[in-house]
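Please read the structure below before turning to the comments.
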Amino acid sequence: MVNINGLVTSIVDSIGGQFLHLSTAETIILDIGLILILSTFLAFFAKIFKQPLIPAYVITGLIIGPLVLGYIKNTELITAFSEIGIAFLLFTAGLEISFRKIREANLKKILIIGIAQVLIIFSIAFFLAGFLGLSNLQAAYIGVILAFGSTMVDIKLLSDRGELVTLHGRLVLGILLLQDLIAIIAIVVFKTGGFEIVALTIAFSKLLLILAVALILQKFVLNKIFKFAARSSELLFLASLAVLFMFIILSYLAELSIVIGAFIAGVSLANSRFKIELESRVTPLRDFFAILFFVALGTQIVFEGIGDNLRLLSALIIIGIIIKPLFTFILMRIGGYRPKTSFFTAISLAQLSEFSLIIGILGVSLGVLDAAMFSTIILATIITMSLTPYFIEFKENLYKFVMLPLSLFRFLPISERLEYKNDGEKEILLIGAHRMGSILLKDLVKDKKKLLVIDYNPEICKDYKETGWASCS
């Protein structure tokens, strides 16, 4: 009988011995090269079987990580690259969605729904503390870890599918941004050991200061700079990266999360007339670093001590992918949103967050969580993140499957109506009225009353209703 594990280990050790003479830079190149080659190989398999790519990246990290081959030694560098990926994802999100567009999705309702959802999930963790064998402080950490969805995963998936401009896309982004702000508050609270008003006031003052800098630069500086930079596509791209890392550095100096700085940088350029070109140039970088993020998650999977925390693992997964979306759906319906919009929003938030890992690391460093509990949190985060692409890809089928049980909430009124229809027969039907559709619309419209536009973007529907150009559904 051939010992497969021993054979693989000996091959890896032999290869590693060949590379001992390499410099640090050469080792980094080989590590990244191996990651990309194996990721590509597994991604092809995923596409052949019509599966999302994120699980393929996680499996890549699992294979080359300490659990299987143990090939990647410089995990800190890979983790640093993955954090840059998070920054690019938030930057592109800021470019795509301005605060004005989030307000159009009803900012007041987003605040109420987001805060209520966090409080409910946090309370559930405390309620289950005894069953899970957690102390009150550990339950507080687990409650915060469970409460948040992954901004990075959702933004990438919704952006790839062109759904950030939909109503549920804007709701998801609004709730996630609120959760990110709450996560920063939680980190400050845990670091200070309590609800320190002075520390929180200082943190918020720093955040407001960075926002003020962004607004001032946007109004008086950035538009002029980018108008000049547009003479060269290379200079335009370089200027956008400079803005991104300037706000990242400002956030770091202010001891805030770099993802907040990245998002503010994107928002500061959201109204630029060169936004589309910036997005097209930044997206390849975003995708490259995002791959490294998921691979880095895979390298951190270990099963040591998880057997003693099976209850915790089960609770994290069940609450993350079932209980949290259920309460989010109920809150959305109470807020007056349609069942389908509520379900699409809720299912998109059915995962643990990158902030779960950050808060878990903080808990370990402060001695509140042990290594086995942190490994459990990592595994639950990876499992729920890996399931999210399936949830979003097949959300239409999932909605049809759960329509009957969700009909229990049909008694809740619907107040968020975005369709605008006039009575009377229509002669012209235009499906999609954004880029090419808007050009066709101008040529088609002779009699306003005879045209019906169908579009999933609520902003487009609102614009056409206000201008009177067309009915919109």
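Fewest neighbouring Cβ atoms within 10 Å first, the residues Thr201, Thr60 line up as Thr201, Thr60. Taking each of Lys50/Lys109; Lys191/Lys395; Lys108/Lys219; Lys50/Lys275; Lys191/Lys324; Lys108/Lys156 in turn, the alpha-carbon distance tops 30 angstrom for Lys50/Lys109; Lys191/Lys395; Lys50/Lys275. In summary, the convex hull built on the alpha carbon positions of segment 75-409 has an orientation-averaged projected area of 16.7 nm².
The packing ranking of peptides 337-344, 407-414, highest mean first, is 337-344, 407-414, where packing means the average number of other beta carbon atoms within 10 angstrom of each residue.
Under a point-charge model restricted to the Cβ atoms of Lys and Arg (+1) and Asp and Glu (-1), what is the dipole moment magnitude of segment 75-409 relative to its Cα centre, in debye to the nearest 20?
Magnitude of the dipole: close to 1380 debye.
Protection proxy ranking of 230-241, 258-269, by the mean of other Cβ atoms within 10 Å over each peptide's residues and highest first, is 258-269, 230-241. Highest mean packing comes first when the peptides 108-117, 294-303 are listed by Cβ atoms within 10 Å, giving 294-303, 108-117. Across segment 88-188, the mean sequence separation of Cα contacts (distance under 8 Å, 6 or more residues apart), normalised by length, yields a relative contact order of 39 percent.
Summing +1 for each Lys or Arg and -1 for each Asp or Glu among the other residues whose beta-carbon sits under 12 angstrom from that of Leu53 gives 0.
Amide H to amide H, with H built 1.01 Å from N, Glu255 comes under 5 Å of no residue 5 or more places away or on another chain.
Computed from the coordinates by the stated procedures, all read-outs in this text should not be read as laboratory data. Bear in mind the structure is a predicted one, so any value in this text is a computation, not a measurement. Every residue, glycine among them, receives a Cβ derived from its backbone with ideal geometry; neighbour counts consider all protein chains shown.
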